[in-house]
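J.: One structure is given below, represented as C-alpha cells, and several questions about it will come after.
Laboratory data are not the source of any read-out in this text; all were calculated from the coordinates shown. Note that the structure is a prediction, hence the values are computed from the model and not measured. Cβ sites come from the backbone with ideal geometry, for glycine too, and all protein chains shown count toward neighbours.
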Amino acid sequence: MSRQPAVATKMSREMDKPLISLHLVDSDTSLAKVPDEAPKVGILGSGDFARSLATRLVSSGFKVVVGSRNPKRTAGLFPSAAQVTFQEEAVSSPEVIFVAVFREHYSSLCGLSDQLAGKILVDVSNPTEQEHLQHRESNAEYLASLFPTCTVVKAFNVISAWTLQAGPRDGNRQVPICSDQPEAKRAVSEMAITMGFMPVDMGSLASAREMEAMPLRLLPAWKVPTLLALGLFICFYAYNFVRDVLQPYVQESKNKFFKLPVSVVNTTLPCVAYVLLSLVYLPGVLAATLQLRRGTKYHRFPDWLDHWLQHRKQIGLLSFFCAALHALYSFCLPLRRSHRYDLVNLAVKQVLANKSHLWVEEEVWRMEIYLSLGVLALGTLSLLAVTSLPSIANSLNWREFSFVQSSLGFVALVLSTLHTLTYGWTRAFEESRYKFYLPPTFTLTLLVPCVVILAKALFLLPCISRRLTRIRRGWERDGAIKFTLPMDNALAEKTSHV
Ligand code: NAP
C-alpha cells in the first residue's frame, strides 16, 4: 500500500511539532553529529514510531539508519543525524534492526531476507483488539516465521511514539522484552537502558502475545469495582426516587421531579460511598473469621474472597470519589433556585404565623455535629486515597502503610457511621419517614458497616485477638499444615506434621 503525499504532509504537520521538535533536536549539536564509532541501529519504516525512535536513539548516542520505500519523501522528517535511505541499504550494516511497520506489511519485507540473515529484528508492533483475537500467534512469532534466519526480539511495543519523543523523564518507564535468544535480548535490553528505559525480562518469544495484549487492556483491575459502584448507585438512586419523588407524586399529588438531577443524586452518593467503604473492610473480616473457624492460615480462601481482597484499593478509591462528589453536591445545594424559593416561602409562612425567631436547639446541634463528622470522614478518606498512590505508598514502610490503610481506614468507617447516625437522628423511629412503608435510606446503609464494626470490635477481644495473631504466625489448631490441591480430590489433602 503506497502512502499518499497528503498523508506525508499531514504527518509532517503533526509530528514536526512534538514535545521535542526537530528544530530543538538539530539545534543540539551533540544530536546533529554522532561519533563514527557509535553503534549503528537500523529502523525499517518511516512513520510516527520510526521518527520518535530515531530521535531517541540519536539523542542516546546511536548512529541511526532508516530504511524507507521512499527516502526522498521522508528524509526531511527525521533528525539530520539520522541517515534515511532505501530499505536494502539501511539493513546492510546494522546488527540490530527495528521493524516499525504494521503486521500486515511484514510480508512486503521478505525481499530483504538475504540481507537480514543472522541479524536481530526488534518487533515493536501492537495489534488492534480484533487482530489480537483473530491471530493465535503473536506478531513477533509471525515475523520470526517469515525470517527464520533472524533472531526476533519483542520490545518497546508498550512505549508510545509520544513517550519516545519526550523521553522517560516523566517517570519510571518499563520496557518488557522477550526473545528465544538470551544474547539478543541482552543487546536490546542494554539499548533500552542507554535510552533511559528500564528493561523487564519477559522470557521467551512465547510471551510476545501477552506483551501485545498489554496496551489493549483497559483498566482491568477497575472493572468489577466500577460495576459494583454503578450497581449500588442504580439501586440506591431507584430507592431514593421512589421515596422522595414517586411517593409525593402518587400520594400527595406533589411534583418533585426537579429533585432528580441534584437532590436525589446527592442522597444517593453518600450511600454508595459509605457502603463501598464498608466493603473494603468486610473481606478482611470474612478472611479472619474463616481463619478462626479453620484454625489455620494454610488453607486457600475461596476464589471470590481472594478477588475481593485484591480489589480493596479500587473499591476504597471509588468510595472516596463518591464521598468527594457528595461534598461538592452538598456545597451546591444552596445555589439551587428551588432552595431559594423554599427559604422565602418559609420566611413568609413565619411572618404569617407571627413567629419572629425560629431556632430549634436540637436541630442546630445535630447539624453542627453531623457536618463536622462528615468533613472529618472525608479528610481521613482523602489521606487513604493519597497514600494509595504508588509514589506515596513506595515512600512508606510496611508498618506505616498498614497503619494508614487499616487503622485510619477503620477510623474513616467509624466517622462515616457517626456522620450517618447523627444525620438520621431519630428519623428511623418516626412513622412519617416510612414512605410507601420503605425505611429511610440511611437505615439500609448502616447494615453492612455496623456488621464490620461489630466484628472488628469482637476481634479486639483478647481471647480472639490472641488466637488470630497466633494463627497468622503459623500456629495450627491440629498441629498440622494442610496443603490443598485444587483439582484432584483424592490427592487434595496431604498432611505433614511440622
Ligand atoms: P505509521 O506511521 O503508519 O508508519 C508505518 C510505516 O511502515 C510507514 O511509514 C512505512 O514507511 C512503513 N512501511 C513499510 N512497508 C510498508 C507497506 N508495505 N505499506 C505501508 N507502510 C509500509 O505507523 P506507526 O505509528 O509508526 O507504527 C509502526 C509500528 O509501530 C506498528 O507496528 C505499531 O503497532 C508500532 N507501534 C506504534 C506506536 C505509536 O505510538 N505510533 C506505539 C507502539 C508501537 P515507508 O513508507 O517509509 O516505507
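J.: Using only the alpha-carbon atoms, how far is helix 447-459 inclined from the longest principal axis of the chain? Give it as 0 to 90 degrees, nearest 10.
T.: 90
J.: Normalising by the residue count of the stretch 40-215, find the relative contact order in percent from Cα pairs under 8 Å and 6+ residues apart.
T.: Taking the mean separation of contacting Cα pairs over the length of the stretch 40-215, I get 20 percent.
J.: Then there's this: Strictly over 18 Å apart at the Cα level, which of Lys223/Lys259; Lys72/Lys154; Lys223/Lys456; Lys154/Lys185; Lys355/Lys435 would you flag in this model?
T.: Values: Lys223/Lys259 30 Å; Lys72/Lys154 29 Å; Lys223/Lys456 28 Å; Lys154/Lys185 9 Å; Lys355/Lys435 30 Å.
Beyond 18 Å between Cα atoms: Lys223/Lys259; Lys72/Lys154; Lys223/Lys456; Lys355/Lys435.
J.: Working from Cα positions, state the angle (0 to 90°, nearest 10) between the long axis of helix 182-194 and the longest principal axis of the chain.
T.: On a 0 to 90 degree scale, this one is about 70.
J.: A further question on this structure: Skipping prolines and chain starts, which residues have an amide H placed within reach, meaning under 5 Å, of the one on Val64, given they are 5 or more residues away or on another chain?
T.: Val41, Gln83
J.: Applying a 10 Å radius around every beta-carbon, put 332-343, 310-321 in order of their mean neighbour count, most first. Each step should come with its number before you reach the end.
T.: Numbers: 332-343: 11.2, 310-321: 20.7.
Those peptides, ordered most packed to least, come out 310-321, 332-343.
J.: Roughly how compact is the stretch 42-128, stated as its Cα Rg over 2.2 N^0.38 Å to two decimals?
T.: 0.99
J.: Can you tell me, using C-alpha contacts under 8 Å and at least 6 residues apart, the relative contact order of the chain as a whole percent?
T.: 10
J.: Select from Asn139, Pro94, Thr55 the residue farthest towards the positive end of the dipole of the stretch 40-215; place +1 on Cβ of Lys and Arg, -1 on Cβ of Asp and Glu, and compute about the Cα centre.
T.: My answer, from the dipole projection, is Thr55.
J.: Could you give the distance between the Cα centres of the stretch 126-158 and the stretch 303-353, to the whole Å?
T.: Centre-to-centre distance over Cα atoms comes out at 50 Å.
J.: When the chain is fully extended, how far beyond the present Cα-Cα distance does Ala393 get from Val411, taking 0.36 nm per residue of separation?
T.: Once the chain is fully extended between Ala393 and Val411, it gains 4.6 nm.
J.: Return the inverse of the average 1/r over all pairs of distinct C-alpha atoms in the chain, which is the Kirkwood hydrodynamic radius, in Å to one decimal.
T.: 28.5
J.: With each pseudo-label sitting 7 Å past Cα toward Cβ, what's the Val348-Arg366 distance in nm, one decimal?
T.: Between Val348 and Arg366, the simple spin-label model gives 2.7 nm.
J.: Subtracting the Cα-Cα distance from 0.36 nm times the residue separation, let me have the gained length for Gln251 to Val451 in nm, one decimal.
T.: Once the chain is fully extended between Gln251 and Val451, it gains 68.5 nm.
J.: Let me ask something else about it. In whole Hz and in residue order, list the ³J(HN,Hα) couplings for the stretch 367-372 that follow from phi through the Karplus curve 6.51 cos²θ - 1.76 cosθ + 1.60, θ = phi - 60°; x for Gly and Pro.
T.: With the stated coefficients, the stretch 367-372 comes to 5, 4, 5, 6, 5, 4 Hz.
J.: Relative to 2.2 N^0.38 Å, what does the C-alpha radius of gyration of the stretch 40-215 come to as a ratio? Two decimals please.
T.: Expressed relative to 2.2 N^0.38 Å, the Cα Rg reads 0.94.
J.: Right, here's the next one. Pairs of Cα atoms under 8 Å, at least six residues apart: use those to get the relative contact order of the stretch 55-134, whole percent.
T.: On the way: 87 pairs, mean separation 19.5, N = 80.
Relative contact order here is 24 percent.
J.: To test your reading of the geometry: what angle, between 0 and 90 degrees and rounded to tens, separates the Cα axis of helix 223-241 from the longest principal axis of the chain?
T.: Roughly 30 degrees between the two axes.
J.: Ranked highest first by the average count of other Cβ atoms within 10 Å around their residues, in what order do 204-216, 107-119 fall?
T.: Per-residue mean Cβ counts within 10 Å order the peptides as 204-216, 107-119.
J.: Here's a follow-up. How do the peptides 287-298, 45-56 rank, highest first, by the average count of neighbouring beta carbon atoms within 10 Å per residue?
T.: Ranking the peptides 287-298, 45-56 by packing returns 45-56, 287-298.
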